[in-house]
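Written below as structure tokens is the structure these notes are about.
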Amino acid sequence: MPQLILALDQGTTSCRAILFNQTGDIVSVAQQEFTQIYPQPAWVEHDADEIWSTQYAVTQEVLGKAKIKAADVAAIGITNQRETTLVWDRKTGNPIHNAIVWQDRRTAAICDRLKEKGLEDHVRATTGLVIDAYFSGTKIKWILDNVEGARKRAENGELAFGTMDSWLVYKLTGGEVHVTDVTNAGRTMLFDIKKRQWDEKMLTELGVPRSMLPEVKSSSEVYGETHPDLFSSPIKIAGMAGDQHCALFGQACYEKGQAKNTYGTGCFMLMNTGTEAMTSKNGLLTTVAWEIDGEITYALEGAVFIAGAAIQWLRDGLKIIDEAPDSEFYARKVNDTGGVYVVPAFAGLGAPYWDMYARGAIFGLTRGSNKAHIVRATLQSLAYQVRDVLDAMQKDSGAKLKTLRVDGGASGNDFLMQFQADMLDTNVERPQVTETTALGAAMFAGLAVGYWTKDDLERTWQLGKCFSSTMEEDKRAKLYRGWQKAVKRSMAWAEEDE
Ligand SMILES: Nc1ncnc2c1ncn2[C@@H]1O[C@H](COP(=O)(O)OP(=O)(O)O)[C@@H](O)[C@H]1O
Ligand SMILES: O=P(O)(O)OC[C@H](O)CO
């Protein structure tokens, strides 16, 4: 039997394991959700041991479903929710605290102090980021400051820091390998993305000892092998990158100017900017797209914190839908939202606003507003947020985007995709394989072990469905003005309350 590539996709809400064949088609998938822990409002944690046991379970499940042995796997590619921060004991492998998730806002005050010290320009110039609780750096500081004895142990070299990529490699190799890749390192606020090294100034400012940090590798190389106890034979781990970077690669956005948007828990639009690390003047991030064979490709990124998570909130918080796809049914029951706008700023606002103190709000309610209006307005809020980001991206790049490639769970919603095309006045292209994150991770791994060549990869992208705008410009402008008014009113909410 020809070998397959195994992608491990460690997302914000679930762990997936997906097997791909040589033509880039999915052979088998296994997926399991894991616990979201909300210890306080605006705090979000994950149990890293649960993440590992879930990831290991789905990996075994997918091998079983496809009836293959570890020897039939040419390599593993890992992709992960980014920024989520874990500190563990190097010797025992025990986490010293739950992982602090990227959405968590507990370090907003630490960020304010960094801003007061005038570090914004330095952070943008070196790390490509804005100062925000989103990134790992301030989360590491919080753990070292708040877990008893942690700082001393870190200074003694007893503790290791990693994002979920590092954690999975560490667990898969039986604690042998402590590495990250350059895309994940670039999301810590501690890494100089142009010099490709940890930034001494930020390490000092946040009091993070160098000894905690993983070694930084490219996105496509052999990092190690799985521990013999885990599978019937060791498997090479050969690809690693943050989920949004993998999605950009899996969407075949290899050329400068190509962009994709992923609708998962959040929404993340990345545009390939080639070998240039372009600095945004419009609230976007500069990020490493990937590193292959010693060459770094950069991207501009618009990160929106809450997208599909707003649909989960309709399901689990408000309990007005049973399943995420039901949102389409309710949205289509009405012709418009009756003037209702939902701003899902549950974790503050990311790009292009960067307001850690914004909070969610519903505007425009009348006695006639019903469940369908709220569901429709929630779905539309995803599209408005993507419009905010696309406008910023077009301003930065000076070019109008002709097509936007889309993927992620909520991209399966045809109502949303049509409204998205209407709101952007840009073609929205959904590929046949929407598991582009996992595909990208598989591709990085496949390239490293010679399973695929770059030419093979060009041929894997196939259009599933294209959505084009049918909305009049006047209507588009009016709807978007309403959104801008609503966003403005949701800003600085938590701050005012303090
Ligand atoms: N048909 C749908 N309509 C709207 N949202 C959806 C739909 N299907 C899934 N979602 C949303 O997409 C998200 C899951 O997408 P996924 O790409 O798996 O996210 P993640 O990788 O962040 O866990 C969930 O937040 C869910 O609410
Ligand atoms: O898990 P996702 O797909 O929502 O992605 C999370 C992002 O990587 C956070 O930056």
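The values are calculated or read from the model by the stated rules, or taken from the named source; none is laboratory data. Please read all numbers here as calculations on a predicted model, not as lab measurements. Positions of Cβ are backbone-derived with ideal geometry, glycine not excepted, and every protein chain shown enters the neighbour counts. The protein model used for the area step is the full one, side chains on, heavy atoms only, and it has no ligands, DNA or RNA in it. Shrake-Rupley method; radii C 1.70, N 1.55, O 1.52, S 1.80 Å.
Rounded to the nearest 0.05, what FRET efficiency is calculated for K475 and A324 with R0 set to 41 Å and r the Cβ-Cβ distance?
That pair, K475 with A324, gives E of 0.90.
Calculate, for K65 and E116, the FRET efficiency according to 1/(1 + (r/R0)^6) with r their C-beta to C-beta distance and R0 60 Å; round to the nearest 0.05.
Details: r = 54 Å, r/R0 = 0.89.
It comes to 0.65.
Ligands, DNA and RNA left out, the accessible area of the chain computed with a 1.4 Å probe is 47% carbon and sulfur.
Take every Cα pair under 8 Å whose residues are at least 6 apart in sequence, average their separation, divide by the length of the stretch 377-498, and the relative contact order is 27 percent.
Compute the length gained on full extension between D145 and K488: take 0.36 nm times their separation in residues and subtract their Cα-Cα distance, giving the result in nm to one decimal. Before the final figure, lay out the partial values.
Working: separation 343, 0.36 × 343 = 123.48 nm, distance 3.43 nm.
This chain segment gains 120.0 nm when fully extended.
Using only Cα coordinates, the Kirkwood hydrodynamic radius of the stretch 18-140 works out to 17.3 Å. The distance between label points at E495 and E295 comes to 4.3 nm (points 7 Å beyond Cα on the Cα→Cβ vector).
Dimensions of the stretch 275-326 along the principal axes, based on C-alpha atoms and rounded to the nearest Å, stand at 48, 29, 14, largest first. Of K141/K319; K141/K217; K402/K475; K260/K485; K139/K478; K281/K319, which pairs sit farther than 29 Å apart, going by alpha carbon to alpha carbon? From K141/K319; K141/K217; K402/K475; K260/K485; K139/K478; K281/K319, over 29 Å: K141/K319; K139/K478; K281/K319.
Would you calculate a helix-derived [θ] at 222 nm for the chain, using -39,500 (n - 2.57) for each DSSP H run of n ≥ 4 and dividing by the full residue count, to the nearest 500?
Numbers: 17 runs with 170 residues, N = 498.
Using -39500 (n - 2.57) per qualifying helix, the result is -10000 deg cm²/dmol.
Taking amide H positions as modeled 1.01 Å from N, with prolines and chain starts lacking one, the residues under 5 Å from K465 and 5 or more places away or on another chain are R430.
Size check on the stretch 1-88: the Cα extents along the three principal axes, sorted descending, read 51, 23, 20 Å.
For the stretch 94-147, the set of trypsin sites (Lys or Arg not before Pro) satisfying both a DSSP loop assignment and a count of at most 13 other C-beta atoms within 10 Å is given as K117. Here the convex hull built on the C-alpha positions of the chain has a volume of 134 cubic angstrom per residue.
What percent do you get for the relative contact order of the chain when only Cα pairs under 8 Å and 6+ apart count? Intermediate values should be presented prior to the final figure.
On the way: 1129 pairs, mean separation 74.3, N = 498.
Rounded, it is 15 percent for the chain.
FRET efficiency for K465 and T204, Cβ-Cβ distance as r, R0 = 56 Å, nearest 0.05? Efficiency, from the Cβ-Cβ distance: 0.65. If the segment from D25 to K400 were pulled out straight at 0.36 nm per residue, it would be longer than the present Cα-Cα gap by 131.8 nm.
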